[in-house]
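Read the structure below first, then the notes.
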Amino acid sequence: MLIRTKLLASAAIFVFTANFAVADGHADITAETVVASVDGTDITLGQLVMLRSQLPEQYQQLPDDVVFNGLVEQLVNQQLLANSLEVEPKRVGIALENELRSLRAGEVVNSITGSTVSEEDLQAAYEARFAEVTPVTELNASHILVETEEEAIAIKELIDGGADFAETAIEKSTGPSGPSGGELGWFGPGMMVASFEEAAMSLSDGEVSEPVQTQFGWHIVKLNETRTGELPTLESLRSELTTEIQQAELTARITDLTEAAEITLPEEGAFDFAIIQNLELLED
């Protein structure tokens, strides 16, 4: 305990000298700068920086002096415990191999996914996505919904005779859009039941349909307006396209590396798949 206390005190002195060096314009502080030592094993500033970068968000918000001293204490305690390990289990070496492989692969992935995608590549990806896409026709329609065909025929005759469609919808329609004059707003293909959509699509702007039956009842449909739906802009898809381009580059890199490498894979039936649950294999 006395040794650890002295080490932490040294760390506090280091904080002061490091701040002084930076303030004084010195550049002698590096990742290899020793912060503390446990029985000859150094703990470096680079180790602290890396450990801090991996802290959960709530700890990232703590004052630097609190985090600094806390990490020094954590690493000192870990080193003390590590030094006391007399026999290193096989699983430790295996875990280190897996971690090292993962970290190295992660650096390559980060170099690709962190790279800047050019505007030319973004534009090309955008154009390729919509090269064979035809903008859909969207409709703005209103309707009057009633229960029987007889009611629908009578309402159609009223409309043909000059009755106002919206006022008739308010008075006659049983649907939820009735109070708003039957207005359904804008909709595209597939958003309405087939028979209703087919009737609406057959109309010209301002035209009123014959009675149309759906599972909801009988409709009189009025097409208010048509428009061509707009494609998403490149800007709205920038993030998505960027990810796609980077992912494609990563896939291409793996493909190139695979083709250039000599890879041996397990033969079919060589292993019982359940063997991966056998932790006894990790024991010495």
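Largest mean-square fluctuation among VAL49, VAL136, VAL221, in a Gaussian network model of the chain whose springs join Cα atoms under 10 Å apart, belongs to VAL49.
Which whole-number percentage describes the relative contact order of the chain, with Cα contacts under 8 Å and a sequence gap of 6 or more? Intermediate values should be presented prior to the final figure.
Values: 284 pairs, mean separation 48.7, N = 284.
Relative contact order comes out at 17 percent.
Quote the FRET efficiency, to the nearest 0.05, computed for THR174 versus ASP205 with a Förster distance R0 of 25 Å and r equal to the Cβ-Cβ distance.
Calculated value: 0.45.
Think of it as helices only: each DSSP H run of n ≥ 4 in the chain is worth -39500 (n - 2.57), and spread over all residues that comes to -16500 deg cm²/dmol at 222 nm.
Dipole of the chain computed with +1 at Lys/Arg Cβ and -1 at Asp/Glu Cβ about the Cα centre; of VAL108, LEU96, ILE220, farthest Cα towards the positive end is LEU96.
Each of the peptides 72-81, 56-65 was scored by the mean count of other Cβ atoms within 10 Å over its residues; in descending order, highest first, they stand as 72-81, 56-65. Subtracting the Cα-Cα distance of VAL109 and THR251 from their residue separation scaled by 0.36 nm leaves 50.1 nm.
A simple spin-label model places the labels of VAL133 and GLN277 4.5 nm from each other, with each point 7 Å out along Cα-to-Cβ. The string of couplings for segment 273-283 from the Karplus curve (6.51, -1.76, 1.60, θ = phi - 60°) is 4, 5, 4, 5, 8, 8, 6, 5, 5, 8, 8 Hz, one whole number per residue in order, with x for Gly and Pro. Residue by residue, segment 232-247 carries 3J(HN,Hα) couplings of x, 7, 4, 4, 5, 10, 3, 5, 5, 5, 4, 4, 4, 5, 5, 5 Hz when phi is fed to the Karplus relation 6.51 cos²θ - 1.76 cosθ + 1.60 (θ = phi - 60°); x denotes Gly or Pro.
The slack between THR148 and ILE263, meaning 0.36 nm per residue of separation minus the straight C-alpha distance, is 34.2 nm. Fraction of C-alpha pairs exceeding 16 angstrom in segment 204-260: 71 percent, rounded to a whole number. For segment 181-284, the list of chymotrypsin sites (Phe, Trp or Tyr not before Pro) that fall in a loop by DSSP and count at most 15 other C-beta atoms within 10 angstrom reads PHE216, PHE271. Under the convention that each Lys and Arg Cβ holds +1 and each Asp and Glu Cβ holds -1, the size of the dipole of the chain around its Cα centre is about 1320 debye. Structure remark: mean-square fluctuation, Gaussian network model of the chain, C-alpha springs under 10 Å; the largest value among LEU139, LEU51, LEU241 belongs to LEU51.
Quick note: the coordinates plus some simple rules give every number you see, no bench work behind them. Predicted, not measured: the structure shown is a model, and the values here were computed from it. Counting neighbours? That spans all protein chains shown, and the Cβs are built from the backbone with ideal geometry, glycine included.
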